[in-house]
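Working notes, structure below.
The values are calculated or read from the model by the stated rules, or taken from the named source; none is laboratory data. Keep in mind the model is a prediction, meaning the values are calculated, not measured. Neighbour counts run over all protein chains shown; Cβ positions are idealised from the backbone, glycine included. What goes into the accessible areas is simple: the full protein's heavy atoms, side chains included, and nothing from ligands, DNA or RNA. Shrake-Rupley method; radii C 1.70, N 1.55, O 1.52, S 1.80 Å.
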Amino acid sequence: MTAESTPEPGIPGDSGTTGPRHRAKGRRRKTRGGHKGLKIAAWTAAGIVVLGGTGAGYLYFKLNGNIKSVDIDQALGTDRPTKVDNGSENILVLGSDTRSGSNKKLGGGADDGSARSDTAMIVHIYEGHKKASVVSIPRDTLVDRPECTDTDGKVHDAARMAMFNSAYSTGGAACAVKTVESLTGIRMDHYLEVDFSGFQKLIDELGGVDVTTTKNITDHDSHLNLKAGTHTLTGKQALGLVRTRHGVGDGSDLGRIQLQQAFIKALINQIKDVDVFGNPKKLYDLANTATNAVTTDSDLGNVNKLMSFANGLKGISSKNMTMVTMPVQYDPQDANRVLVDEAKAKVVWKALENDRAIPKSATKGTATGQAEGVVTAS
């Protein structure tokens, strides 16, 4: 998968900003798909179902060894937005499109040794941990990427009008967090990531996810073929659904985000019906899969902390979760790219900073995909 993604040509665009811009040089290559809005899905499955509220103390040593973590705080230092002490939390849930290891067959494309953040979501947990807002950041957004230092101590130069998902491929998780904090002015309290194979295994361990599709969805790139109707998606099918771009709608990343958000709500609804606590083997299998699938910031890098964090999220249902896409407009110079709608985005970020609900007016009149309502919870 390339760092650049290319929706179908001819998507109408509205201007979101004005003024001259400088684009990074280089020839665009055709994308081969690859996504993982899976991220938050895997986080939800892993955290709420597997770890939240369980007494799996006997598994700690084994499961601790599974968890991968990165020291975001050390890499970013003190030049960050101030942490807001109002009881809320912000989590950057990220998915990379690495093709290495077991992900190569699932993701398609060549293993070029790099990875990009195909899905990025800011999850805001409100004070009291009974409600949440999720803001998806389109990977095709052109942003000013700040100078950042990766977790190996290497400094990466700033770049103007760079693809948002290039931050991860440039400097890994730390650079992705730095870019999001620069974009929003909001401090990310935590970081979570999951990969292709981990997501697929989690869904299979959960017994699949029930969804209803209102249209046929066929996408050879993401290996998906669903007729309109009700389905219990396997891990492979779920992965195909959250990755599909050309299978339905206008072929844009904004449409794919709509499918991902619908799938996440279906997953959250179904999690409550999964009986893992009466089945020790199922509990262990889920915990083992989940802890192998996720990468966290170092503050969540052991089972005790991850369990405590997840336990605080159990009260959030899909009905108490608002999901929006960061306000953007199509780039008038390139219909395959989007630009931040600065005025409306500021309304979103200010609402989260002050632990308030995101006003509906903040996303009214912004660019959107054409996959709304194609997938619903069964």
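Surface analysis of segment 320-378 yields an accessible area of 46 Å² per residue, using protein heavy atoms and a 1.4 Å probe.
In the context of the full set of protein chains, segment 148-205 has a per residue accessible area of 32 Å² (1.4 Å probe).
Taking all Cα pairs closer than 8 Å and separated by 6 or more residues, the relative contact order of segment 222-374 comes to 28 percent. Classification of segment 181-257 by its C-alpha gyration tensor yields an oblate form. The axis ratio a/c (a ≥ b ≥ c) is 1.5 or more, and b/c is at least a/b. Leaving out ligands, DNA and RNA, what percent of the accessible area of segment 216-304 is carbon and sulfur, probe 1.4 Å? Answer for segment 216-304: carbon and sulfur cover 47 percent of the accessible area.
Carbon-plus-sulfur accessible fraction, segment 125-196 (probe radius 1.4 Å, protein heavy atoms only): 41%.
Ligands, DNA and RNA aside, Arg356 has an accessible area near 120 Å² when probed at 1.4 Å. Magnitude of the charge dipole for segment 168-218, about its Cα centre and with charges confined to Cβ atoms of Lys, Arg (+1) and Asp, Glu (-1), is about 220 debye.
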